[in-house]
Amino acid sequence: SISRSRLIHNLNVFQQAHPHTKIAPVLKSNAYGHGLVEVARILDGEKIAFLALDSLHEAVTLRSAGVRSPILIIGYTPVSNILHARARDVAFTVTSLSQLQELSAVHGSFRIHLKLDTGMHRQGLVESEWQAAHEILAVHPHIVLEGVCSHLADADGAADVVTNAQCGVWERAVLFWKHNCPQIRHLHI
């Protein structure tokens, strides 16, 4: 069993250390083995940006359990699943330009975060694709860009050359997306 008081204390420590930053707890993989529903219920109602989950299945599980916090699915979700998603207040991570193009061709209203490849080379839009993505978003108001995100390849490694290079790309991304989409709410890495 997880300690409610200790979890809330840990969240508060991060919030106090970074008072101008919203915290988005990542609860993928059954909250890293601590119990998805149990941890989400503890965090529900706290001042967080959103809960980050890996899959639509996890989002449905939390909504069925009565969890009301906003949710971001950070794992890849096929457009067909996004179209048929019934969970409310859920945003999806778009991991490629082709996925964004596919989403732009369908009817419905969608909230997304664009994943940018800053150097991990696993998923995300590379810098040369940002302008094309912005142009798609500019003519498809049914796709609401709530955020952009990336993933560090080796944030805790001994050699920081890769991380520093990724941070340089991330800083350019923040400038580009803030300038072109001033309504963007979340920038997270």
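The values are calculated or read from the model by the stated rules, or taken from the named source; none is laboratory data. Treat the numbers as computed from the prediction; the structure is a model and nothing was measured. All Cβ positions, glycine included, derive from the backbone under ideal geometry; neighbour counts span all protein chains shown. Areas reflect the complete protein model, heavy atoms only, side chains present, ligands, DNA and RNA absent. Shrake-Rupley method; radii C 1.70, N 1.55, O 1.52, S 1.80 Å.
Taking the listed residues Val39, Val94, the one that is under 26 Å from Cys181 (Cβ atoms), touching a helix residue (DSSP H, G or I) at 6+ places or on another chain (Cβ under 9 Å) and not aromatic (Phe, Trp, Tyr) is Val94, with no other qualifying.
Taken across the stretch 137-154, residues that are in contact with a Cys (Cβ under 8 Å, 6 or more places away or on another chain) and not hydrophobic (A, V, I, L, M, F, W, C) do not occur at all.
Among the numbered conditions (1) free of Cβ contacts under 8 Å to residues at least 40 places away in the same chain; (2) of a type in the set (Ser, Thr, Tyr); (3) under 30 Å from Ser104 (Cα atoms), the only one that Ser1 does not meet is (3).
Against the conditions (1) part of a loop (DSSP other than H, G, I, E, B); (2) in contact with an Asp or Glu (Cβ under 6 Å, 6 or more places away or on another chain), Ile23 satisfies every one except (2). Just checking, does the stretch 8-25 include any residue being loosely packed, with under 13 Cβ neighbours inside 10 Å and within 21 Å of Gly124 (Cβ to Cβ)? Taking every residue of the stretch 8-25 in turn, none turns out to be loosely packed, with under 13 Cβ neighbours inside 10 Å and within 21 Å of Gly124 (Cβ to Cβ). If you go through the stretch 162-188 and pick out every residue that is open to solvent by 60 Å² or more (accessible area, probe 1.4 Å), within 15 Å of Leu116 (Cα to Cα) and without any contact (Cβ under 8 Å) to a residue 40 or more places away in the chain, you end up with 3. For the stretch 133-141, the criterion of being within 21 Å of His186 (Cβ to Cβ), among the β-branched types (Val, Ile, Thr) and open to solvent by 50 Å² or more (accessible area, probe 1.4 Å) is satisfied by no residue at all.
Out of Arg41, Arg88, one residue alone is within 30 Å of His140 (Cβ to Cβ) and either open to solvent by 70 Å² or more (accessible area, probe 1.4 Å) or of a type in the set (Phe, Trp, Tyr) (or both). It is Arg88. Does at least one position in the stretch 119-127 carry a residue that is open to solvent by 50 Å² or more (accessible area, probe 1.4 Å) and charged (D, E, K, R)? Yes, the stretch 119-127 has at least one match.
Of all residues assigned to the stretch 59-73, none qualifies as being open to solvent by less than 30 Å² (accessible area, probe 1.4 Å), without any contact (Cβ under 8 Å) to a residue 24 or more places away in the chain, closer than 24 Å to Gly168 by Cα and under 14 Å from the mean Cα position of the chain (by Cα). Contact annotation: residue pairs with Cβ atoms under 7 Å, 6 or more positions apart or on different chains, pairing a residue in the stretch 81-98 that is under 22 Å from Ala24 (Cα atoms) and touching a residue at least 24 places away in the same chain (Cβ under 8 Å) with a partner that is among the small types (Gly, Ala, Ser) and assigned to a loop (DSSP other than H, G, I, E, B), are Thr95/Gly124. Here Glu102 does not qualify as open to solvent by 60 Å² or more (accessible area, probe 1.4 Å), part of a helix (DSSP H, G or I) and within 18 Å of Ile184 (Cβ to Cβ). Please work out if Ala65 is modelled with pLDDT of 95 or more and under 24 Å from Gln123 (Cβ atoms). Spelling it out, it is not the case that Ala65 is modelled with pLDDT of 95 or more and under 24 Å from Gln123 (Cβ atoms).
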